[in-house]
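Novice: Sending over a structure as structure tokens; questions will come in a sec.
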Amino acid sequence: MKSIVSLLCLFVATQAMSAEIQNPVVEQQTNKFPVVEMQTNLGTIVLELNAEKAPKTVANFLQYAKTGFYKGTIFHRVIDGFMIQGGGFTKNYRQKKTHQAITNEADNGLQNTQGTIAMARTPDPDSATSQFFINVTDNFFLDHTKRTPRGWGYAVFGKVTQGMDVVDSITKVETGRGGPFRRDVPKTLVIIQKVSVVE
């Protein structure tokens with residue numbers, strides 16, 4: 001268990017190295033459950049986001065989606081039986097510049113159950129920017145337990161409603177060393193072609 005948590009912190013810590021770009025004006029989110037389509041080279045994943053429980057996180061994700069930030073990024077970390085992580089690196093393993101980090105909303109009552117999407121971050125609870133992960137199993141140890149650096153958890157902000165078979169197929173790709181990472185990188189690139197807001 002400790003090794004998995006350590007790995008999660010180790011790989012998302014790379015976010016801290018990226019320069020920040022000026023934050024855009026965040027639109028007021030009127031739809032509490034927006035739906036987005038994430039098109040990948042292995043198929044489409046449909047996500048229902050929960051702006052009622054995670055308003056800041058959803059607004060942040062939608063800003064990246066609407067500006068085309070995720071186009072051409074990859075799932076750079078894939079662990080079968082755990083999660084798939086993406087949204088921060090290009091096909092050349094270059095980390096993209098992000099907006100400022102957001103407040104951690106992991107205390108919203110949503111749990112890291114199978115099929116949910118949550119924000120990746122560094123050991124600093126309030127360090128999430130663009131990277132996210134989709135849980136491929138119930139990962140309750142990632143949930144919020146208390147307001148401490150170790151207990152804050154990882155903020156869930158939506159769930160997969162269609163395309164869990166695509167998520168599962170991503171978990172089955174062969175992984176190894178890639179770019180700056182020593183392990184868990186798909187040997188065949190899993191590319192996010194587009195993230196679009198459906199409703």
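The values are calculated or read from the model by the stated rules, or taken from the named source; none is laboratory data. Keep in mind that what you see is a predicted model, and the values were worked out from it rather than measured. Cβ: placed from backbone, ideal geometry, glycine included. Neighbour counts: every protein chain shown.
Novice: Scan segment 75-90 and tell me whether some residue there is out of contact with any helix residue (DSSP H, G or I) (no Cβ under 9 Å at 6 or more places or on another chain), surrounded by fewer than 17 Cβ atoms within 10 Å (Cβ to Cβ) and among the hydroxyl-bearing types (S, T, Y).
Specialist: Looking for residues that are out of contact with any helix residue (DSSP H, G or I) (no Cβ under 9 Å at 6 or more places or on another chain), surrounded by fewer than 17 Cβ atoms within 10 Å (Cβ to Cβ) and among the hydroxyl-bearing types (S, T, Y), one finds at least one in segment 75-90, hence yes.
Novice: Sticking with this structure for a sec: Within segment 141-159, take every residue that is aromatic (F, W, Y) and buried (at least 19 other Cβ atoms within 10 Å of the Cβ) and give me the one that is nearest to P125 (Cα to Cα).
Specialist: Looking at residues that are aromatic (F, W, Y) and buried (at least 19 other Cβ atoms within 10 Å of the Cβ), I get W152.
Novice: Then there's this: Is one or more of the residues making up segment 140-153 within 20 Å of F75 (Cα to Cα), assigned to a loop (DSSP other than H, G, I, E, B) and not acidic (D, E)?
Specialist: no
Novice: Somewhere in segment 46-68, is a residue in a loop (DSSP other than H, G, I, E, B), at positive phi, modelled with pLDDT of 60 or more and under 17 Å from the mean Cα position of the chain (by Cα)?
Specialist: The answer is yes; a qualifying residue exists.
Novice: Find all pairs meeting these conditions: Cβ atoms under 6 angstrom apart; at least six residues apart or on different chains; first residue within segment 30-54 and closer than 12 Å to V197 by Cβ and touching a residue at least 40 places away in the same chain (Cβ under 8 Å); second residue polar (S, T, N, Q) and in a strand (DSSP E or B).
Specialist: Note: pairs meeting the criteria are E37/T44; E37/S196; V46/T161; V46/Q162; E48/T161.
Novice: What is the number of the single condition among (1) part of a loop (DSSP other than H, G, I, E, B); (2) under 28 Å from V173 (Cβ atoms); (3) in contact with a helix residue (DSSP H, G or I) (Cβ under 6 Å, 6 or more places away or on another chain) that T103 does not meet?
Specialist: Checking T103 against (1) part of a loop (DSSP other than H, G, I, E, B); (2) under 28 Å from V173 (Cβ atoms); (3) in contact with a helix residue (DSSP H, G or I) (Cβ under 6 Å, 6 or more places away or on another chain), the one that fails is (2).
Novice: For segment 135-173, give me each residue that is of a type in the set (V, I, T) and out of contact with any Pro (no Cβ under 7 Å at 6 or more places or on another chain).
Specialist: Those that are of a type in the set (V, I, T) and out of contact with any Pro (no Cβ under 7 Å at 6 or more places or on another chain): V136, T137, T145, T148, V156, V160, T161, V166, V167, I170, T171.
Novice: Also, quick follow-up: Is it true that R121 is in contact with a helix residue (DSSP H, G or I) (Cβ under 6 Å, 6 or more places away or on another chain), in a loop (DSSP other than H, G, I, E, B) and of a type in the set (K, R)?
Specialist: yes
Novice: Let me ask something additional. Which one is farthest from V167 (Cα to Cα) among residues in segment 98-137 that are hydrophobic (A, V, I, L, M, F, W, C) and within 12 Å of the chain's Cα centre (by Cα)?
Specialist: Applying the filter and picking the extreme gives A128.
Novice: Then there's this: Among the residues of segment 116-126, write down those that are surrounded by fewer than 19 Cβ atoms within 10 Å (Cβ to Cβ) and either under 22 Å from V35 (Cα atoms) or among the small types (G, A, S) (or both).
Specialist: none
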